[in-house]
Amino acid sequence: EPDIDVRNGIVHRINDVLLPPSASTTTWEYISQSQDHSKFFQMLSDANFDFLGTTGPFTLFAPTNEAIENSDIDVGTLSSEAIDHLLNFHLISGNHLSYELFDAGEAETELEGGRLKFGAQRFGLFINNGISISRVTASNILTSTGIVHVVDSVLLPPGIPLIER
């Protein structure tokens, strides 16, 4: 019986769970295949963060190419240790959907001592890292190794050298 009429519509019986296409890829694969995240993926790749393709779960805040270009950092001048700190500041252990982040109010990052605070405004999730505020522009992208949230700016941990403007 493929179509079942009910009072407020039609129910379609299926034989499998429906998942978004991203759920069949790892976080590593998702970011590597995203044209909007090529600069961030290059940073992840250079820093050997390929564990995002095999372990997890992790929640990743992924700045777009535009966010990196408009940031107050010069990635080319950062030490490998500073890049490692920066990338770990974009990671939270576990799967965290946007509403869970908002409900929790804050979360500890993979950078030791790093904390992000979350708030909402006009149905959007915002992240305050103590230095700047970033907006989540796409949320809850499910992958097989975690969840990706796209952000409109680079999350800057304390101690990262900034460009003088």
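A few comments on the model shown:
- GluC sites (Glu not before Pro), loop per DSSP, at most 11 other Cβ atoms within 10 Å - longest free stretch of the chain: 1-111
- Sites matching trypsin sites (Lys or Arg not before Pro) across segment 1-90 that sit in DSSP coil, with at most 15 neighbouring C-beta atoms within 10 Å: Arg7, Arg13
- Rounded to 0.05, the FRET efficiency of the Ala47 and Ser139 pair, given R0 = 22 Å and the Cβ-Cβ distance, is 0.35.
- Total formal charge among the other residues, if their Cβ is under 12 angstrom from that of Arg115, Lys/Arg +1 and Asp/Glu -1: -3
- Given charges at Cβ of Lys, Arg, Asp, Glu: the chain dipole, positive-most of Gly113, Asn8, Met43: Asn8
- Excluding ligands, DNA and RNA, the accessible surface per residue across the chain is 59 Å² with a 1.4 Å probe.
- Note: relative contact order over the chain, using C-alpha pairs below 8 Å and six or more positions apart, is 26 percent.
- With the simple model of a label 7 Å out from the Cα in the direction of the Cβ, Arg115 to Asn70 spans 2.9 nm.
- Summed over qualifying helices (DSSP H, 4 residues or more, each -39500 (n - 2.57)) and divided by its residue number, the chain shows a 222 nm mean residue ellipticity of -6000 deg cm²/dmol.
- Projecting the Cα atoms of His85, Thr54, Leu156 onto the dipole axis of the chain, where Lys and Arg carry +1 and Asp and Glu carry -1 at the beta carbon, places Leu156 farthest toward the positive end.
- Around the amide H of Thr109, modelled in the peptide plane, lie the amide H atoms of Gly114, Arg115, Leu116, all under 5 Å away and 5 or more residues distant in sequence or on another chain.
- Cα centroid of segment 1-78 to Cα centroid of segment 97-150, whole Å: 15 Å
- Charged-residue dipole, Cβ positions (Lys, Arg, Asp, Glu), the chain about Cα centre, Debye nearest 20: 420 debye
The values are calculated or read from the model by the stated rules, or taken from the named source; none is laboratory data. Only a predicted model underlies this, so the values are computations on that prediction, with no experimental measurement involved. FYI the Cβ positions are ideal-geometry reconstructions off the backbone, even for glycines, and counts take in every protein chain you see. Keep in mind that these areas ignore ligands, DNA and RNA; they rest on the heavy atoms of the full protein, side chains included. Shrake-Rupley method; radii C 1.70, N 1.55, O 1.52, S 1.80 Å.
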